[in-house]
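Every number in this text was worked out from the coordinates using simple rules, so none of it is lab data. Keep in mind that this is a model prediction, so the values were computed, not measured. Cβ placement follows ideal geometry from the backbone for every residue including glycine, while neighbour counts extend to all protein chains displayed.
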Amino acid sequence: MVIAIDGPAGSGKSTIAKLLAKNLEYTYINSGNLYRAITLGCLRANINPADSEKVLEFAKNVKILYQKTEVFLDGMNVTDLLHTDEIDRHSAPLSAIVPVRHIVNDLIRTLAESQNVVVEGRDMTTVVFPNAEHRFYLDASADSRAKRRFEQGVSSLNLEEVKEAILQRDEIDKNKAEGSLKIANGVQYLDTSDLTIIQVYEKLIEKCAKRTI
């Protein structure tokens, strides 16, 4: 079983996907963390994340594992290192490199072959799992998303700067040559701007139950 969730940064995808995976006893996969891990590895190896050829070569050879909710880069748990301003700045353009997307998407499909998964990202419902049993698109206003990110306390930016960074990320995600952020036909759309996490969770569980019956 695959539950696929897409949406822009700060729409609540990660929190909801983790909660669904935990309560359903599914494996949680955050596609963005895989790109972030590659970004971290490139920076550590003094590879410019904008150098598509060197990034691709690195991505082909690095070993990335997803265990429950933890990401391992060449055997090291790097989960707590993936959400910094520097990684944020470089991971979006890196994730736009088409051959790198192919590597990450193949990895995600492999992870989902033998287990039930909740996957979230930007093109899970459109490219990676267009035929998933359950597909959702979570959205929210830019102000709501910026406020959520700011309150996470992982950025040194002020609220307005966080909002600007989110809007810039939106533009990159919506204009990627492949795997751009969009709402696919048949996907269930939900605006989370004025909803609590529990309310969003309950709506998704209800929709999953209806589609399963």
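A few notes on this one:
- Helix-derived mean residue ellipticity, 222 nm - over the chain, DSSP H n ≥ 4, -39500 (n - 2.57), to 500: -15500 deg cm²/dmol
- Put a plus charge on the Cβ of each Lys and Arg, a minus charge on the Cβ of each Asp and Glu, and nothing anywhere else: the dipole of region 1-75 about its Cα centre is then about 180 debye.
- Longest site-free stretch - the chain; sites: GluC sites (Glu not before Pro), DSSP loop, at most 15 other Cβ within 10 Å: 26-112
- Stretch in the chain that is longest and holds no trypsin sites (Lys or Arg not before Pro) that DSSP places in a loop and that have at most 13 other beta carbons within 10 Å: 69-213
- Highest-MSF residue in the chain out of ALA45, ALA132, ALA146 [GNM, Cα springs under 10 Å]: ALA45
- Hydrodynamic estimate: the Kirkwood radius of the chain over Cα pairs, inserted into Stokes-Einstein at 10 °C and 1.306 mPa s, corresponds to D of 91 µm²/s.
- For region 104-147 and region 148-213, distance of Cα centres in Å: 11 Å
- Only the Cβ atoms of Lys and Arg (+1) and of Asp and Glu (-1) were treated as charged; on that basis the dipole of the chain about its Cα centre amounts to roughly 420 debye.
- Within the same chain, lysines fewer than 8 places from LYS207 are excluded, and of the rest, those with a Cα less than 22 Å from its Cα are LYS13, LYS18, LYS22, LYS182.
- Only Lys, Arg, Asp and Glu carry charge here, each on its Cβ (+1 for the first two, -1 for the last two); on that basis region 47-171 has a dipole of about 280 debye about its Cα centre.
- The alpha carbon convex hull volume per residue for region 95-213 rounds to 130 Å³.
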